[in-house]
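Undergrad: If you scroll down you'll find the structure; I have some questions about it.
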Amino acid sequence: MLYCGKKSCYVAVPAVFMFVILLTCYWKRSMFQNDTPGIAYSEPVPTDQMLELCGGKPASNTITALEDNRTFIVAPYFDNRESKITRVIAIVHHEEVTALYCWFCSDLLCAEPPTCEPSYVSIHSFPNGNIEQLPRFEIKNRKAESFSADFTVCISTMFGNYNNVLQFIQSVEMYKILGAQRVMIYKNSCSPLMESVLAFYIAEGTVEVVPWPITSHLKVSPHWRFPKDGTHIGYYGQITALNDCVYRNMYRSRFVLLNDIDEIILPAKHLDWKTMMRSLQEQNPDTGVFLFENHIFPNAVFTATSTGKIDTSLWGAVPGVNILQHIYRKANRKDRFNPRKMIVDPRKVIQTSVHSVLKMYGSSLAVSSDIAITFHCRDPYESDVPKVNLIRDATLWRYNESLLTNVNKVLHKSVLGPPE
């Protein structure tokens, strides 16, 4: 028996009763006085009972409900950056769940736990029980991998029968132009047309889709800030998905970007992310988290864009926003909080939220808007946005030729069919 620490994460509104947490499971066997709320310790047990032969069925879903139906496990990840621990990404009822215990198991019986590397972990609310009745979760990140990507973009929670096809394709193609090799999508629901686009990108090797059936377990809100309307968790469990994406790519990707699909971290001083990040790291060698200020480009304000000899006449048949038509942005107010999205070194992140990293190794840096911004093309918060009050920013047009060509290719291969 081992003990498991339960640490709460940031939640914006008291109405949320499901907490995103990182369960931190340690190799220890001492008995502690439980002075810290939310941290459960096991009683000492004989060493030969600490590591069990693996029982129970391996979990096969992205989200697994435990028998209390108040604890939902996403995935455990091995973390040896400070000591040998396993961090479990989970959603837990912050009032009704008071203690959780981690049962480690291995494919082989080990006489001495310190010399053994467990393969699986089960989570239980009691220190005693039949482990064969508990689902077991494979501990990921146990073996170090070589980087398969320089940049991975983590897009959390695609939901609401998502059908903004044109903007999705434009965003993914911009990510690729800027240097991304992988885009992660935590998918709850989307339209059949969007499924076709995802299938194309999966076959291409650009997109990885993580099924996200959170609506099978919880009442979710489509908003990050929502009223007391009976829902359990905000924005389809966005923070949980982002934390899982960081740990899932910790040893697969040099950098991870945390942003929404209608957002692009857009360099102003450099042409791509690799050049920009090399410069930022040279100037800030101890920094692992880089934050880029969000600038809203209202999709209700249009500007004609030159397409040259590239035919985009069929784009009108594709549902969604054409970001190339929106190059006017709102001026951010200095007396208000302006959200930021991030490029992080995942190996320096312990726990993240949406607009900042909560726990990290090293420091974070708010990057000047002269270097890059978060281009956010969305519905305006105000119904009428006078163009005279906006700032023209055509930085995106630097990529027009490549973007137009690439989007056309994807549309003809996935949505429109071959050009005549």
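The values are calculated or read from the model by the stated rules, or taken from the named source; none is laboratory data. As the structure is a computational prediction, the values presented were derived from the model and not from experiment. Glycine also receives a Cβ, built like all others from the backbone with ideal geometry; neighbour counts cover every protein chain displayed. What goes into the accessible areas is simple: the full protein's heavy atoms, side chains included, and nothing from ligands, DNA or RNA. Shrake-Rupley method; radii C 1.70, N 1.55, O 1.52, S 1.80 Å.
Undergrad: Name the residues in the stretch 266-279 that are crowded, with 19+ Cβ neighbours inside 10 Å and in a helix (DSSP H, G or I), would you? Walk me through how you get there before you give the answer.
TA: First, the residues of the stretch 266-279 that are crowded, with 19+ Cβ neighbours inside 10 Å: 266-267, 273, 276-277.
If the condition is that a residue be crowded, with 19+ Cβ neighbours inside 10 Å and in a helix (DSSP H, G or I), then 273, 276, 277 are the ones that fit.
Residue by residue, here is whether (1) at pLDDT below 95; (2) in contact with a Ser or Thr (Cβ under 9 Å, 6 or more places away or on another chain) holds:
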{"site": "203", "(1), (2)": "no, no"}
{"site": "218", "(1), (2)": "yes, yes"}
{"site": "232", "(1), (2)": "yes, yes"}
{"site": "252", "(1), (2)": "no, yes"}
{"site": "260", "(1), (2)": "no, yes"}
{"site": "263", "(1), (2)": "no, yes"}
{"site": "266", "(1), (2)": "no, yes"}
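Undergrad: Which residues, taken from the stretch 306-329, are farther than 22 Å from residue 262 by Cα and either among the aliphatic types (A, V, I, L, M) or surrounded by 14 or more Cβ atoms within 10 Å (Cβ to Cβ) (or both)?
TA: 310
Undergrad: May I pose another question? Looking only at the stretch 146-181, filter to residues that are assigned to a helix (DSSP H, G or I) and in contact with a Phe, Trp or Tyr (Cβ under 6 Å, 6 or more places away or on another chain); which one of those is farthest from residue 343 (Cα to Cα)? Step through it out loud before you land on a result.
TA: Taking the stretch 146-181 and keeping what is assigned to a helix (DSSP H, G or I), we get 165-178.
Applying the additional criterion that residues be in contact with a Phe, Trp or Tyr (Cβ under 6 Å, 6 or more places away or on another chain) yields 177-178.
Numbers: 177: 16, 178: 13 Å.
Among residues in the stretch 146-181 that are assigned to a helix (DSSP H, G or I) and in contact with a Phe, Trp or Tyr (Cβ under 6 Å, 6 or more places away or on another chain), the one farthest from residue 343 (Cα to Cα) is 177.
Undergrad: Next question. Count, please, the residues in the stretch 270-320 that happen to be of a type in the set (Val, Ile, Thr) and touching a strand residue (DSSP E or B) at 6+ places or on another chain (Cβ under 6 Å). If you could, list the steps in order and put the result at the bottom.
TA: At the first step, the residues of the stretch 270-320 found to be of a type in the set (Val, Ile, Thr) are 275, 287, 289, 296, 301, 303, 305, 307, 310, 312, 318.
Checking the rest, the ones that are also touching a strand residue (DSSP E or B) at 6+ places or on another chain (Cβ under 6 Å) come to 287, 289, 296, 301.
Total satisfying the criteria: 4.
Undergrad: Continuing with this model, one more query. Kindly indicate which of 187, 140, 176 is closer than 20 Å to residue 88 by Cα and either of a type outside the set (Asp, Glu) or in the same structural domain as residue 277 (by the TED database) (or both).
TA: Numbers: 187 fails: closer than 20 Å to residue 88 by Cα; 176 fails: closer than 20 Å to residue 88 by Cα.
Just one listed residue meets the conditions, 140.
Undergrad: Another question, then. Check the stretch 334-343 and report whether any residue there is open to solvent by 50 Å² or more (accessible area, probe 1.4 Å), under 24 Å from residue 385 (Cβ atoms) and among the aromatic types (Phe, Trp, Tyr). Walk me through it before giving the result.
TA: Within the stretch 334-343, the first condition is being open to solvent by 50 Å² or more (accessible area, probe 1.4 Å), and the residues that meet it are 334-337, 340.
Pick out the ones that are also under 24 Å from residue 385 (Cβ atoms) and you get 334-337, 340.
Add one more test, that the residue is among the aromatic types (Phe, Trp, Tyr), and what stays is 337.
Yes, some residue in the stretch 334-343 is open to solvent by 50 Å² or more (accessible area, probe 1.4 Å), under 24 Å from residue 385 (Cβ atoms) and among the aromatic types (Phe, Trp, Tyr).
Undergrad: If you don't mind, there's one more thing I want to ask. Filter the stretch 142-166 down to residues that are of a type in the set (S, T, N, Q) and more than 21 Å from residue 257 (Cβ to Cβ) and give me whichever is surrounded by the most Cβ atoms within 10 Å (Cβ to Cβ).
TA: Within the stretch 142-166, the first condition is being of a type in the set (S, T, N, Q), and the residues that meet it are 146, 148, 152, 156-157, 161, 163-164.
From what's left, more than 21 Å from residue 257 (Cβ to Cβ): 161, 163.
Working: 161: 11, 163: 14.
By that ranking, first place goes to 163.
Undergrad: Kindly indicate the residue of the stretch 53-70 that is in contact with an Asp or Glu (Cβ under 9 Å, 6 or more places away or on another chain) and open to solvent by less than 60 Å² (accessible area, probe 1.4 Å) and also modelled with the lowest pLDDT among those meeting that condition.
TA: In this case the residue turns out to be 54.
Undergrad: Looking only at the stretch 264-298, which residues are of a type outside the set (Val, Ile, Thr) and touching a helix residue (DSSP H, G or I) at 6+ places or on another chain (Cβ under 8 Å)?
TA: Of all residues in the stretch 264-298, those of a type outside the set (Val, Ile, Thr) come to 266-274, 276-286, 288, 290-295, 297-298.
Once the filter is applied, which keeps residues that are of a type outside the set (Val, Ile, Thr) and touching a helix residue (DSSP H, G or I) at 6+ places or on another chain (Cβ under 8 Å), the stretch 264-298 yields 266, 267, 268, 269, 270, 271, 272, 273, 288, 290, 297.
Undergrad: Continuing with the same structure: Quick one: which of 204, 208 is open to solvent by 40 Å² or more (accessible area, probe 1.4 Å) and without any contact (Cβ under 8 Å) to a residue 12 or more places away in the chain?
TA: On the way: 208 fails: without any contact (Cβ under 8 Å) to a residue 12 or more places away in the chain.
The unique qualifying residue is 204.
Matching residues to (1) open to solvent by 60 Å² or more (accessible area, probe 1.4 Å); (2) over 23 Å from residue 354 (Cα atoms); (3) over 28 Å from the mean Cα position of the chain (by Cα); (4) of a type in the set (D, E, K, R):
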site: 373; (1), (2), (3), (4): no, no, no, no
site: 386; (1), (2), (3), (4): yes, yes, yes, no
site: 390; (1), (2), (3), (4): no, yes, yes, no
site: 395; (1), (2), (3), (4): no, yes, no, no
site: 406; (1), (2), (3), (4): no, yes, no, no
site: 411; (1), (2), (3), (4): no, yes, no, no
site: 414; (1), (2), (3), (4): no, yes, no, no
site: 417; (1), (2), (3), (4): no, yes, yes, no
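Undergrad: Now a separate question. Report yes if residue 157 is β-branched (Val, Ile, Thr) and under 22 Å from residue 91 (Cα atoms), otherwise no. Before the answer, list the steps.
TA: On the way: β-branched (Val, Ile, Thr): yes; under 22 Å from residue 91 (Cα atoms): yes.
For residue 157, the condition - β-branched (Val, Ile, Thr) and under 22 Å from residue 91 (Cα atoms) - is met.
Undergrad: Still on this model: Please state which one of 346, 339 is under 30 Å from residue 87 (Cα atoms), in contact with a strand residue (DSSP E or B) (Cβ under 8 Å, 6 or more places away or on another chain) and without any contact (Cβ under 8 Å) to a residue 60 or more places away in the chain. Give the steps one after another, and end with the answer.
TA: Values: 346 fails: without any contact (Cβ under 8 Å) to a residue 60 or more places away in the chain.
After ruling out the rest, the residue left standing is 339.
Undergrad: Let me ask something else. On the basis of being over 22 Å from residue 208 (Cα atoms), loosely packed, with under 14 Cβ neighbours inside 10 Å and not polar (S, T, N, Q), does residue 302 make the cut? So that I can check it myself, show each step before the final result.
TA: Working: over 22 Å from residue 208 (Cα atoms): yes; loosely packed, with under 14 Cβ neighbours inside 10 Å: yes; not polar (S, T, N, Q): yes.
So residue 302 passes the test.
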